[in-house]
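Visitor: The structure under discussion is supplied below as structure tokens; questions concerning it will follow.
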Amino acid sequence: MTKRILVLPGDGIGPEIVDEAVKVLDVLVGEFELDIEMDEGLIGGAAYDAAGHPFPDSTREMALEADAILLGAVGGPQYDNLDRPLRPERGLLAIRSALGLFANLRPAILYPQLASASSLKPEVVAGLDILIVRELTGSIYFGQPRGIQVNDKGEREGFNTMRYAESEIERIGRVAFDAAMQRNKKVCSVDKANVLETSELWREVMERVAKDYPDVELSHMYVDNAAMQLVRAPKQFDVIVTENMFGDILSDQASMLTGSIGMLPSASLNSSKQGLYEPSHGSAPDIAGLGIANPLATILSAAMMLRYSLERADLADKIESAVSVVLDQGLRTRDIMEPGMTEVSTSQMGDALVAALRATIQ
Ligand code: NAD
């Protein structure tokens with residue numbers, strides 16, 4: 001059945017990098033029997049300019065009907081003085097909540113060709129391929145009660161509540177185990193079960209979920225140790241699953257292991273596998289319109305879309321291999337440029353990727 005994709009280019013470099021990802025998807029439609037229909041919509045500052053709101057009703061309707069959404073990035077200095085509800089970033093929060101996206105998937109992949117971009121020793125990170133699955137809608141960021149109050153000693157105190165229902169833990173666990181089934185079949189669940197009851201329950205539910213995935217090896221790690229292990233020996237991990245706040249911190253830490261923000265995709269999923277796919281970086285207004293942005297994070301986000309929402313892992317593999325091919329050819333956008341390599345523009349990088357994909361047709 002034809003799947004519906006909503007394309008939301010957004011602001012800054014968004015339209016430039018999304019163009020390249022659409023170019024790649026068009027080739028997959030034309031030459032690899034990918035059955036999708038793409039519509040384009042407005043979000044962020046571009047939507048505010050055209051429709052007076054960063055997440056217009058028309059975009060909401062299209063998003064709810066889509067099987068997957070491919071987004072560039074939102075934001076820019078020209079919108080910084082708008083009222084908060086009208087700022088581009090609000091569009092992003094609104095689409096995440098409209099779709100109930102509770103699972104955030106952030107791979108930290110370091111192509112061996114780019115190992116010197118990391119601040120860690122090449123032998124520690126070359127070939128790194130971790131997936132962090134972060135719960136996105138629960139825990140201390142949302143738990144009630146919360147606030148700042150005057151205590152019985154007359155002093156102000158702030159308080160937040162970390163809480164998880166079993167069903168919330170189970171559904172994020174299933175996302176992680178499903179993802180591991182498509183990878184190296186290892187899940188490391190990160191918690192603080194030596195101190196927190198929330199984590200005690202988390203661990204118990206993960207153990208229960210694991211019973212349904214006998215091929216996947218489950219291990220547990222305390223979050224403080226996980227932070228250490230990520231810089232000591234990050235290649236020991238395959239899939240890491242963790243709660244909202246731990247995941248917020250660990251996913252940024254893991255992404256920086258790679259040193260190249262223009263290469264990192266992300267996905268946010270709901271329970272019907274509907275997903276929002278976007279690069280991990282922002283709208284890079286400093287380089288917008290110059291044709292030098294790296295489109296690979298967005299193209300790799302499209303690959304995640306194929307794998308997680310469109311059941312075409314075969315095509316996701318092809319895109320990921322094609323990225324390796326263009327890097328082997330020595331092609332680099334400016335952000336990952338090194339001596340001896342060939343600098344290419346945003347669209348030249350997209351063209352090279354398309355050529356590498358076409359070359360895989362026998
Ligand atoms: P940023 O990620 O946009 O840029 C950080 C640095 O990385 C800049 O020097 C930029 O030129 C570079 N960079 C980012 N993506 C690149 C790419 N694909 N190719 C080459 N270089 C790239 O972060 P920022 O500067 O802190 O934020 C800029 C705007 O983006 C702000 O308005 C912010 O609110 C917004 N933002 C949006 C998202 C999102 O849409 N998901 C995420 C983060 C920031």
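The values are calculated or read from the model by the stated rules, or taken from the named source; none is laboratory data. Just so it is clear, the model here is predicted, and its values are computed rather than measured. Glycine also receives a Cβ, built like all others from the backbone with ideal geometry; neighbour counts cover every protein chain displayed. Accessible surface is based on the protein model in full, side chains and every heavy atom, while ligands, DNA and RNA are left aside. Shrake-Rupley method; radii C 1.70, N 1.55, O 1.52, S 1.80 Å.
Visitor: Enter the accessible area per residue of the stretch 1-129 (Å², integer; probe 1.4 Å; all protein chains in place). Kindly include the intermediate steps, with their values, before the conclusion.
Guide: Working: 5680 Å² over 129 residues.
Computed with neighbouring chains in place, this is 44 Å² per residue.
Visitor: Which of rounded, prolate or oblate describes the stretch 1-152 when judged by the alpha-carbon gyration tensor and an a/c cut-off of 1.5?
Guide: Values: a/c = 1.67, a/b = 1.10, b/c = 1.51.
In terms of gyration-tensor shape, oblate.
Visitor: Moving on. For the stretch 119-258, what is the Kirkwood hydrodynamic radius in Å, using each pair of distinct C-alpha atoms? Walk me through the intermediate numbers first.
Guide: Numbers: mean 1/r = 0.0624 Å⁻¹.
Over the stretch 119-258, the inverse of the mean reciprocal pair distance is 16.0 Å.
Visitor: Compute the Rg to Rh ratio over the stretch 175-303 from the alpha carbon atoms, using the Kirkwood formula for Rh, and round to two decimal places. Each step should come with its number before you reach the end.
Guide: Values: Rg = 16.5 Å, Rh = 16.3 Å.
With Rg and the Kirkwood Rh in hand, the quotient comes to 1.01.
Visitor: Across the Cα atoms of the stretch 118-189, what radius of gyration and what greatest pairwise Cα-Cα distance (Dmax) are found, in Å?
Guide: 19.2, 56
Visitor: Restricted to Cα positions, what overall size does the chain have along the principal axes? Three whole-Å values, descending.
Guide: 66, 48, 45
Visitor: Here is a further query. Treating only the Cβ atoms of Lys and Arg (+1) and Asp and Glu (-1) as charged, compute the dipole magnitude of the stretch 119-258 about its Cα centre; round to the nearest 20 debye.
Guide: On the way: 17 positive and 23 negative charges, 59 e Å.
I would put it at about 280 debye.
Visitor: I need the shape label for the stretch 13-75. Rule: rounded when a/c is under 1.5, else prolate if a/b > b/c, else oblate, with a, b, c from the alpha carbon gyration tensor.
Guide: Numbers: a/c = 3.40, a/b = 1.66, b/c = 2.05.
Oblate shape, in that a/c is at least 1.5 and b/c is the bigger or equal ratio.
Visitor: Of the heavy-atom accessible surface of the stretch 236-290 (probe 1.4 angstrom), what whole percent is carbon and sulfur?
Guide: Numbers: 990 of 1700 Å².
Exposed carbon and sulfur together represent 58 percent of the surface.
Visitor: List, in order, the whole-Hz ³J(HN,Hα) value for each residue of the stretch 218-231 obtained from phi through the Karplus relation with A = 6.51, B = -1.76, C = 1.60 and θ = phi - 60°; use x for Gly and Pro.
Guide: Listing the rounded values in order: 9, 10, 10, 8, 6, 5, 5, 5, 4, 4, 5, 5, 5, 9 Hz.
Visitor: Step through the table entries 3/211; 121/185; 3/235; 185/211; 3/186; 185/318, compare each Cα-Cα distance with 23 Å, and write down the pairs that go over it.
Guide: With Cα atoms farther than 23 Å apart: 3/211; 121/185; 3/235; 3/186.
Visitor: Right, something else. At a 1.4 Å probe radius, carbon and sulfur cover how many percent of the accessible area of the stretch 90-204?
Guide: 50
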